[in-house]
Structures are given as structure tokens and as C-alpha cells.
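A short write-up of the structure that comes next.
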Amino acid sequence: MKTSAEILPKAANPQEYEPRILRVWGKNKFFEIGKEHSKEHSKEHNKPYTILMPPPNVTSFLHMGHGTGYTIQDWVIRWRRMRDGVACWLPGLDHAGIATQMMVEKQLASEGTSKHEIGREAFVKRAQEWKETYGGKILEQFRLMGFSCDFSQLTYTLDSHCSYAVRHAFVQLFNEGLIYRGLRLVNWDPVLMTALGDEEVVNKEINGHLYTIRYPLCNQGKQDKAFIPVATTRPETLFGDVAVAVHPDDERYQSYIGSQVHVPLCGRTVPVIADTYVKSDFGSGALKITPAHDPNDYEIGKRHQLESISIFDDRARLNDQAPEPFCGMDRFEARKSLIAALKEKGLFDSSTPHRYSAPHSDRSKALIEPKLCSQWYVKTEPLAAPVAQAARDNAITFYPGLWKKTWLYWLDNIQDWCISRQLWWGHRIPIWYCQNDACKEVFASSEDPTRCPKCNSSHIIQEEDVLDTWFSSWLWPLSPFGWPKDTTTLERFYPSDVIITGSEIIFQWVARMVMAGIKFQGTLPFNKVYFNATVCDMKGQKFSKTLGNGIDPIDVIEQYGADALRYTAAHLSPVSGRIKMEMKDFAIGRNFITKLWNGARYLLSHCHDKTIEPLQEESLELWHKGLLHELYEASHTIDNAMVAFRMHDAHKALYQLIWNSICDWGIEASKFSLKSSDSHTTATNLSVMLYVYECALRLIHPLIPFVTEELIHYFPKHPNLERSKGLCVSLYPSQLPLLKFEKAYQSWQVSKELITSIRRLIQTSTLAKLSSQERSQLHVWCHLQNVSPQARAYLEASQHLSLMASLSQVAHIDISTEDKMPPCALVDVSSHFEIAIALQKTEDIESQRDVYLEKQKKVEIYLGNTQKKLSSQGFLRKADPQVIENVKQQQAALELQKQAITKTLLTFGAS
RNA sequence: GGGGAUAUAGCUCAGUUGGUUAGAGCACCUGCCUUACAAGCAGGGGGUCAGAAGUUCGAGUCUUCUUAUCCCCACCA
């Protein structure tokens, strides 16, 4: 029979086992909710722990920004599944109306055609093809990263049941008067030719100019000025001017209020009006009013009952409100021509460079052109109020908590939500217009109507516009589960437990889901919101499709494997903020996988042909108990950290348990015991190590599922552990009756300190030059102090002393009952022991003298600090008794150290 | 303009209600290919916790100010 060491290659080969394990998971349908796989979990769960995956846009493939966020989710859901026996992670895809439409339009443009040429029907078909391609690739990315979502529940926002939910929600809100059509200034994207919601607009600083233009006064003879200078950054909008406004108290212009001025290059005259909005100290102090193309002007126009003149078409080209030759010109081209024309007429005063921020379309990056038009709106105030209240009442918790403020600010200042988009890709608005002139009814319907409900006319047409993508996304906690029809499924999965997503969609998505949950279901859709960090490149730029700086998870998997991807993602995830990530970071994960693999390889090499015995407490040595206790501690630390979404703490605990406690100490200690000729000793040793290792594999399985699932197959069955068909459905160690050995653990820690001290003494002294042969002849004198009788018994056991000598690579450790250390020795002291290594030559010791003097100085300082504390009345009166006790113990330990150092220095003959 | 965050070792970051001598990984130095792992092991060096003031018996942690960087929201024609 081959040994496991021979079976297991020297390094993990994820390219080989990951696809195989994926097949096993798929075949067994481990992640399908409703299927029971575990023999260890007994409890019935009517309400499984549920996470709604933020459905990625089908616009493009996923990058490691997604990969990182979803890894955290999979880690949590896999942990929950192992802990509770059942858990649901609902996967999805978002049709991403505007984003996808833009991608398809780009594709069409590259083929030399356009959406208008091919028509709406063909366009929608192209968009569907796009979704099939990219959606399919995304699902493959999910799968390869090992995500344990229930693919049988995969929901796409354009699925018929989602579409029905959208219509139902729309109709209900419409009938309640919470959806209305309104004429107002909207954010218009002249490239995509659609209105945008406020959240789809980003403000960016641009370098422009502040132009001053002369508006000639009418009736010039009676005035002492010929014109009023007007400052603007957008001269081309002057064709839409309806007034010039000045501050009522501005002495320069007071006398002109009520006069008329000529709009340059345009036959019209407009009045000079007074409004306190105008700042006298900015520009020329006179402001041109263009209500149809500026939000502030729009407000002023309303105040003064001025008309609005729209001068741009949908592509932001000047319309026939502008005279020849400007009519038909693009807005930027028009600006240049206009300035030239003004200069020619002597109406151009000056221009100065001016940096200001202006709204841009988040998708097309085009400069937004405010446009006066009719759009559909959701009245948000009544929906937002209970959402804000939920945060105020702490019914909803944010991780990290600081987002609560942002949340409240937005909700308390909420604007109505513009939900209509002049796009072809998305849910068409379920509004119909009766074409019967005598009726003209406008009605909403969740089913396609054939007749007007009011006049029964069959001459009805549906609204052309589609809904904002987020109008389907905000129903995400509801629509995948069949709302409003299937109440049984909904009851099982609503509300879900946590939303894990990026903070950039806190308003667009998270807040609106809570609105929808409260509005349609009457309760919060989840009570925890975890925001993961933003993933950036090394320059600090966010991963994005347009920049092309993202890392493709598939590339990472090919180079390092999915576990390395996942491990690194968790390793880099800070408590908040941003992650800088580059390809070589995944070596961190790969190294860890290798370590884990090799630890297993070592243990398994000792297993062949052996029956694994159950753990027997009476056979356990000190280090066994210490290690088992470390397992217990780690298991609880991890569980608590996961509950609190302290992913960093959970990750750290996993790392320390496996790398430090198990590999650095456990396996090293076991090497000594496995050499033993006593079969009982080796059997105990193997039993402990396999038990601890399997538990560790389970603990870290949610994070690195592939390698753990692969390794567990090689592990012989341990009598103390039940194992289900897959590790992914086996019981999590926090639910196991793990053994606790508090006292032994402490003694094991002292042992580690002692071993480290010996190693350090040797390596930092002239002893480092000894050959390993000579070194293994060394004897260490040791005096224990400040330890309990039980600890002393543990530490002085001959087996344990041999182990410590072996780990220190010395011949022997002699425990002395008196603290009279040998002369002529290297010495180290701590709060629990003094050690000394005798030397032959005094000059070796002489060379160490400075080291001890330095040590003495330090201890004196520390001692001074503790003495200062303990002699302070304020400290003794006010500090926590436990803290005082700690300081007292610390002082006692320092005193012992001081004495030992003094003694050592005496052996040097120092004064 | 309003709000928020960050500043800790050369680099990337931990440090939960203030309480022993501030930690980890990478990088660096020294010694080791010791039969699980050189993608590793053992040991080591390196930080007046951005600056200043304050509260406190005690401050990396709390308060104020300053400086630097970043984010969000609103916007100056």
C-alpha cells in the first residue's frame, strides 16, 4: 500500500482537484436549499440563514472587486451551513438597463449600425444575446470561485416573476398616488438620450471659463450705461435666456431693475429682475436666467413667473430657438462660434479661467444637460420616513457603523425618485394611455390590458419608456421568492439576514430595498448591512471595467487556484476602507494552501495501516492538552468574530491556529512523540493530531473549500468525529464538544517561552557557531519560579522535559530546585523561569556582558514604571482592582528578573 | 460649502467599552535544504502610534486645534 505522503504530491495542485470537487458538489446538490445532506445536524430549520447576493450586472465579466465581496459572502454562508445545517445564498443577475443598453449600443456602433437603424425589437434581442453571453460567463466565474449559492434558485431581474412583481409594485404605488408624472428639470444624458436619476449622476470638476457678455440696454439714451455685463460659464445657453437677475441691494444695477435688455445675437429683449439668490460679489454681479437649462434658474424662473425656453434637442444640439447659423450646432461647437460672433459685435467683455464642478452621467460620462420634460416619479418621502426611523431605532445595524449617519442624511433630505428612462432595455412602464379623445384615461395595470377600463375603448397604447433598473432591484428581497403570489416561499426566506455589498450603492439599492420591504411586506427585509471594502489597483484607483484595471478571477484561478484567491481576498479585507490588490498578492493565499497541504502530508505519512484510536483524556500529554485547548479557543474566537462580521479577526484566528499552533508547535512536537517506540504514545499522538487537524480543516473550510474538501478524503476516519458526505455539510467545530484544558494550556505556553528562550540564547551568542553535533551535547539548567504545583508537575514530567530539549535541540534540560545557577553560564530570565547554559570559555561570557547590562537597564525602567503606578494614590484609588492586581504580578515578575540579572552579572565579576 | 474617514515598522495593515514592555504579513539581517513545507524553519533588527494642546492616576485609544490624503453629499452663475 502506498503511503499518503506518496499519494499526496509535494504541493497542492488546485488545477487538478478544483474541477473535480466542483463536480462532486454539483452532483450531490449540496447547496440546494431543501435538500438534506448532513447526518450531524439534527435541528429543523424553517427559516434558514439567508443572504441575498447583490445581483451583478450582466454588462461584463466579474473582476476581483466582485470576487472579493462575494468571497466574504460565501465564507459567511458556508460557515452558517456547517453550523446550522442549512443556509441559503440566493444568486442572481441584474439586467442593468442603462449599463447594458450602453454596451450593446457600443457594440452596434462598432458594427457600423445603431439602435435606431435596427429598431426596438431587434435591439432588445441583441441585448438578450448580450445577457446570455455575459450572464453565462458570470455564472461560470461564480462556480469556479467555489461559490455555494443555490443555482437552482438563480433569479434574473427580467424573469417573468420578477417582471410581474415590478408591475404589481408599480400599480400599487400608482393607485395609492405614490407614483406620478411630473414636468420638471431632469438630468438629461445627451449621449444615451435618456433622463437619469440623481444617483446616476456624478459631479466632476472641469476646467472651464467664466465669460462676461454684454447685454445691451434698451432705451439707451435715458441710461448712463450702454449694457449690463453678465457672467456665465455657458454662453451658448443665452438663446434660452428669459431675464437678467441682479441682487436687489446691488447699487450698480439697482436703477436698471425693471428695464429691458437685448439678448445678444437674438432678437428678444428680456427684463432685469431682482432676486436675492444673486451674489453681488461673484462675476459681474448679474446673472442670466435660463430656466430650461439650469436648476437654479428654473427655481428663480418659477418665483418670477418667467417662461422656460428649451433650446436643445435630445442630443444637446441647438434647436430652432437659436438663430442661423447656430441652429443645429452641437453645444460645445456652438459655444466657440457664439464667442466669435459676440467678439465681432463687440458684446464680448472678457473671459477668465474658472474651475467648477459639473454633473456627468455615471454611465456614458457625458456632461449632463438639464432638460425640462415630463417623467415618472415615485413620491419618496412617505416611503423613506420609516426607513430612517429603523436606523434611528437601531433596528437595522451597519457594519461598519458609521454608515448610519450617511443613511439618515440621505433619507432625511430625500428627493422624489425619477423612475422613467428613455431606453429600450428594461421593464416597460405598465402605464396605458387611452387614445379616445373623450376619455384620455391614464391607467396602470399589472396584466396587459386590451381595453380602457373607463371608456372600454380598445384604442389604448402603452408608455414607451422603461423603468429605472433599480425599480426592479429594490424588490430583490421579495421578487425572487415569488412575491406577491407565492406566500409560502416568501415566508420561508423573508426577511433575509444580511446584505453584503459595496457602500457606493447604499442609496440606489440598499435604502430602497428597505423602503420596498417596509412598504410591501410591512417589515424590514434584513436587519444587517455589511459594506465590504472597495478594491483598487496599486495606484489606488477603483477596479472598473472602463479603466480595464481589474483583475479577472479566472486568471487568478489559473495561476494560483480558487482557494488562494479566496484566502487572499479575506487576508486583504480590512475592517473598512479600501484594498489595494495586485496579481502577486495571491501568492499569500497560495503559500498558505501549501502550508496546509504539507501539514496534512506529514500527518498522513504516519497513518497508513493504523487504526485511529479515540481521544482518551488520561493518555494526553501536556502539549496535547495545550493544543486541544488552542483549538477550543480558536473555534470560539472564530465563531464570535463571524457572528459580529469581524472577518479580519476570524481570518487571523484561523491563520494562527493552523500555522502557529498546529504546524509550528503541534507538528514539531509530534515529531518527537512519533519517534517513540511506545505504540500507545504514537497512537495517542496520532489521534490528537488528526483530530485537531480535521477540526482545523473544518474551521477554515468555509474560506478555502476546495483544498480542505480534497484533503479530508485522505484523512482516516476519526472515532471522535462524525463526517458527512462532504466537508461542506459537516458540522462546524464550534458545535462540537471540544475539550478545554485551561491550566495545561498555560503550562504549554510557558514551555514554548522556555524553548524560545533557549533557542535565542544559543543563536544570539557564540554558541551559534557550534556544530549541530556539539550543540546537541548542551545541557540547560533551569529553575522554575512563580508557577503553581500543577504547572510544575506538568513541566517537570520527564517526557515533557525530553520534548522541550528536543524542540530546543539541546541534550537535556535539568530542572533545579534551588536557584543557584551554575557559574560561567549564559542566562535568560522570565517571569516563570531562569535558564542557564554552562560554557567552557570565559571570554564567551565576557562578550555577553553588555547584553545583560542592557537587559538590566530595561528591567529597571519597567520596574520604575510599575513602582510609580503602585505608589500613586490616584491609581490605587481609581483603577480597576484587576488592573492593580496585574501590575502587582508584573512587578513581582520583574523583581525576579532583576535578581537573576544581578546574579548573572556577578558571575561576570562585574560591579 | 456641509458631512465623514484615514494618518501606527521600509511596504500593506491589525490593535472591540482608555490599563502589563504597541502586534502580524511582506521586505531586511543571521543561521539552517533538520525526511511535511526553501512557497519553508529557527533567531534577530526596526515604531517619541502625523504634529500640538487638553481630559485622566493612566492616552495609539477620548476632546479640541493644526497638517496631509481620501470619500460622500450639495453646489457658486
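For segment A:461-584, what's the radius of gyration and Dmax over Cα atoms, in angstrom?
18.5, 58
Starting from segment A:301-395, pick out the trypsin sites (Lys or Arg not before Pro) whose DSSP state is loop and whose Cβ has at most 13 other Cβ atoms within 10 Å.
Sparse-neighbourhood loop trypsin sites (Lys or Arg not before Pro): A:315, A:345, A:365.
Taking the Cα atoms of segment A:372-426 alone, what are Rg (to one decimal) and Dmax (as a whole number) in Å?
In Å, with Rg to one decimal and Dmax whole: 14.7, 41.
Roughly how many Å² is the accessible area per residue of chain A, as a whole number, for a 1.4 Å probe? Walk me through the numbers on the way to the answer.
Working: 39500 Å² over 911 residues.
Value returned for chain A: 43 Å² of accessible area per residue.
Mind listing the phi-derived Karplus ³J(HN,Hα) values for segment A:650-657, rounded to whole Hz, using 6.51, -1.76 and 1.60 with θ = phi - 60°, and x for any glycine or proline?
5, 4, 4, 5, 5, 4, 5, 4
Just the number, please: carbon plus sulfur as a percent of the accessible area of segment A:268-320, 1.4 Å probe, no ligands or DNA/RNA counted. Can you show the working numbers first?
Working: 1160 of 2560 Å².
Using a 1.4 Å probe with all protein chains present, segment A:268-320 comes out at 45 percent carbon and sulfur.
For segment A:537-580, I need the span (max minus min coordinate) of the C-alpha atoms along each principal axis, in Å, sorted largest to smallest.
That gives 27, 25, 13 Å along the principal axes, largest extent first.
Can you compute the charge dipole magnitude of segment A:492-547 about its Cα centre, using +1 on each Lys and Arg Cβ and -1 on each Asp and Glu Cβ, nothing else charged? Give it in debye, rounded to the nearest 20. Can you show the working numbers first?
Values: 7 positive and 3 negative charges, 22 e Å.
Once rounded to the nearest 20, the dipole reads 100 debye.
What are the principal axis extents of the Cα atoms in segment A:356-475, in Å, biggest first?
55, 39, 23
How big is the charge dipole of segment A:427-537 about its Cα centre, in debye rounded to the nearest 20, if each Lys and Arg gets +1 on its Cβ and each Asp and Glu gets -1 on its Cβ?
In total the dipole reaches around 360 debye.
Any idea what the alpha-carbon Rg over 2.2 N^0.38 Å comes to for segment A:118-183? If you can, show how the numbers build up before the last one.
Working: Rg = 17.1 Å, N = 66, 2.2 N^0.38 = 10.8 Å.
After normalising by residue count via 2.2 N^0.38 Å, the value is 1.58.
Using all C-alpha to C-alpha distances in segment A:85-209, build P(r) with 10 Å bins and read off the rounded percent in each one.
10, 26, 33, 23, 7, 1, 0
Under 5 Å between amide hydrogens, which residues at least 5 positions from residue A:209 or on another chain qualify, with H placed 1.01 Å from N in the peptide plane?
Long-range HN contacts for residue A:209: A:354.
Would you be so kind as to identify which of A:650, A:553, A:628 lies farthest towards the positive end of the dipole of segment A:540-698, taking Lys and Arg as +1 and Asp and Glu as -1 on Cβ and the Cα centre as origin?
Checking the options against the dipole of segment A:540-698, the answer is A:553.
Cross-link candidates for residue A:204: which aspartates and glutamates have Cα within less than 12 Å, leaving aside residues fewer than 8 places away along the same chain?
A:362
Let me see the pair-distance distribution of segment A:668-712: every alpha carbon pair, 5 Å bin width, integer percents in order.
Calculated over all Cα pairs of segment A:668-712, the distribution is 5, 22, 22, 15, 14, 13, 7, 2 percent.
All other residues with a Cβ under 14 Å from the Cβ of residue A:884 taken together, and with Lys, Arg as +1 and Asp, Glu as -1, what is their net charge?
Combined, the nearby Lys, Arg, Asp and Glu give +3.
Do me a favour and compute the ellipsoid semi-axes for segment A:747-889 from its Cα gyration tensor, root of five times each eigenvalue, largest one first, whole Å.
Those come to 32, 20, 11 Å.
Given a Förster radius of 30 Å and the C-beta distance between residue A:111 and residue A:643 as r, what FRET efficiency does 1/(1 + (r/R0)^6) yield to the nearest 0.05?
0.05
Under 5 Å between amide H atoms, partner at least 5 residues away or on a different chain: which partners does residue A:186 have, H built in plane at 1.01 Å?
A:371, A:372, A:373
Where a Cα-Cα gap under 19 Å defines reach, which lysines qualify for residue A:725, not counting those fewer than 8 residues away within the same chain?
Filter leaves A:27, A:29, A:35, A:39, A:43, A:717.
Any chance you could list the semi-axes, whole Å, largest first, of the equivalent ellipsoid that the Cα gyration tensor gives for chain A, using √(5λ)?
In descending order the semi-axes read 71, 37, 24 Å.
What is the set of long-range amide H partners of residue A:605 at a cut-off below 5 Å, with H atoms built 1.01 Å from backbone N?
Here A:5 satisfy the definition.
What are the ³J(HN,Hα) values, in whole Hz, obtained from phi via the Karplus relation 6.51 cos²θ - 1.76 cosθ + 1.60 with θ = phi - 60°, for each residue of segment A:199-204 in sequence order, with x given for Gly and Pro?
So the J values, rounded to whole Hz, are 6, 9, 10, 10, 8, 10.
Explain nothing, just the number: dipole magnitude of chain A about its Cα centre with +1 on each Lys and Arg Cβ and -1 on each Asp and Glu Cβ, in debye rounded to the nearest 20.
Roughly 680 debye for chain A.
Output wanted: per-residue J couplings in Hz (rounded whole) for segment A:285-298, from phi through Karplus 6.51 cos²θ - 1.76 cosθ + 1.60, θ = phi - 60°, x for Gly and Pro.
So the J values, rounded to whole Hz, are x, 10, 10, 7, 10, 10, x, 7, 9, 7, x, 5, 4, 4.
Quick one: with all protein chains in place, what share of the accessible area of segment A:629-703 is carbon or sulfur, to the nearest percent (1.4 Å probe)?
So the carbon and sulfur contribution to the accessible surface is 48 percent.
The values are calculated or read from the model by the stated rules, or taken from the named source; none is laboratory data. Treat the numbers as computed from the prediction; the structure is a model and nothing was measured. With ideal geometry, Cβ positions are generated from the backbone for all residues, glycine too; neighbour counts draw on all protein chains shown. We work out accessible area using only protein heavy atoms, side chains counted, and drop any ligands, DNA or RNA first. Shrake-Rupley method; radii C 1.70, N 1.55, O 1.52, S 1.80 Å.
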